[in-house]
Amino acid sequence: MNNTNENELVILRDVWKIFSMGNTEVQALRGVSLSIHRGEILSIMGPSGSGKSTCMNMIGCLDRPTKGDVIINGRNTATMNENELATFRNKTVGFVFQQYFLLPNLNVLENVMLPLRYQKIPIEQRRERAEEALVRIGLADRLTHKPNELSGGQRQRVAIARATVTKPMLILADEPTGALDSETGHSVLDLFQEINAEGTAIVIVTHDPEIGRTAPRMVKIKDGLLSED
């Protein structure tokens, strides 16, 4: 029994993450507890080295805690093997990173189709859903362009289309405006608001107080400890 209520999409319960570096132990997270509700926008704010990326990796099932529970959509991810975790992550979470991580040899449409391939969705359906996602973010005329033919803002929009094409319950955005100018960054944040209005929960991880304050709810992390703002 997880003792969760149905409005809680993600629960971190007394999560620790300890890395061994030679003879030294680094406590990246120290007993972090956090609930993320379905359909909310939350920012996690902290300076470099505060533990915010480690916290994001826990929420996104990219890493496992040293101890504690990570419960997503009612399931304790600690009980899953690597294959189960990868499948669950692909269906539940979309990722947007500062560096975009688009594959340079694939065009825009192929990049957005990629997560659907891992779900073994037929190619025609993959193409249709990827096109829909790109039309929605205003890049219908860039389907056959390669990433290096796009501006930074366009590349980040492609990354957002790729994150949303699987219809995840949660999007994790790690410094999503970090490589963009101010105006383009705000247009990306506006796009997150539109996606959130359709019911997707969004977590923005940032060191920038201005970006952090755009979320209705903000938590701060420092030295592996979390505090609600």
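The values are calculated or read from the model by the stated rules, or taken from the named source; none is laboratory data. Worth saying up front: this structure is predicted, and the values here are computed from it rather than measured. Here the Cβ is made from the backbone with ideal geometry for all residues, glycine too, and neighbour counts use every protein chain on show. SASA here: full protein model, heavy atoms, side chains in, ligands and nucleic acids out. Shrake-Rupley method; radii C 1.70, N 1.55, O 1.52, S 1.80 Å.
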- request: Select from segment 109-141 the residues that are of a type outside the set (V, I, T), surrounded by 14 or more Cβ atoms within 10 Å (Cβ to Cβ) and part of a loop (DSSP other than H, G, I, E, B) and list them in ascending order.
  value: L139
- prompt: Limited to segment 180-219, what total is found for residues that are charged (D, E, K, R) and touching a Gly at 6+ places or on another chain (Cβ under 6 Å)?
  reply: 0
message: As an exercise: evaluate I18 against (1) under 19 Å from the mean Cα position of the chain (by Cα); (2) open to solvent by less than 70 Å² (accessible area, probe 1.4 Å) and give the number of the one condition it does not meet.
response: (1)
task: Identify all residues within segment 195-229 that are open to solvent by less than 10 Å² (accessible area, probe 1.4 Å), farther than 13 Å from H37 by Cα and either among the β-branched types (V, I, T) or in contact with a Lys or Arg (Cβ under 6 Å, 6 or more places away or on another chain) (or both); write none if there are none.
output: I195, I204, V205, T206, V219, I221, G224
Residue count for segment 198-217, restricted to those that are out of contact with any strand residue (DSSP E or B) (no Cβ under 9 Å at 6 or more places or on another chain) and more than 15 Å from I160 (Cα to Cα): 2
- prompt: Which of the residues spanning segment 55-75 are touching an Asp or Glu at 6+ places or on another chain (Cβ under 9 Å), open to solvent by 40 Å² or more (accessible area, probe 1.4 Å) and within 16 Å of I44 (Cβ to Cβ)?
  reply: N57
Flag if A173 is hydrophobic (A, V, I, L, M, F, W, C) and part of a helix (DSSP H, G or I): no
- request: Run F192 past the list (1) modelled with pLDDT under 95; (2) open to solvent by 20 Å² or more (accessible area, probe 1.4 Å) and report the number of the one that doesn't hold.
  value: (2)
query: Within segment 26-43, can one find any residue that is over 15 Å from the mean Cα position of the chain (by Cα), at pLDDT below 95 and not in a strand (DSSP E or B)?
result: no
query: So which residues in segment 146-160 are in contact (Cβ under 8 Å) with a residue 12 or more places away in the chain and in a helix (DSSP H, G or I), if there are any at all?
result: P147, N148, G152, G153, Q154, R155, Q156, R157, V158, A159, I160
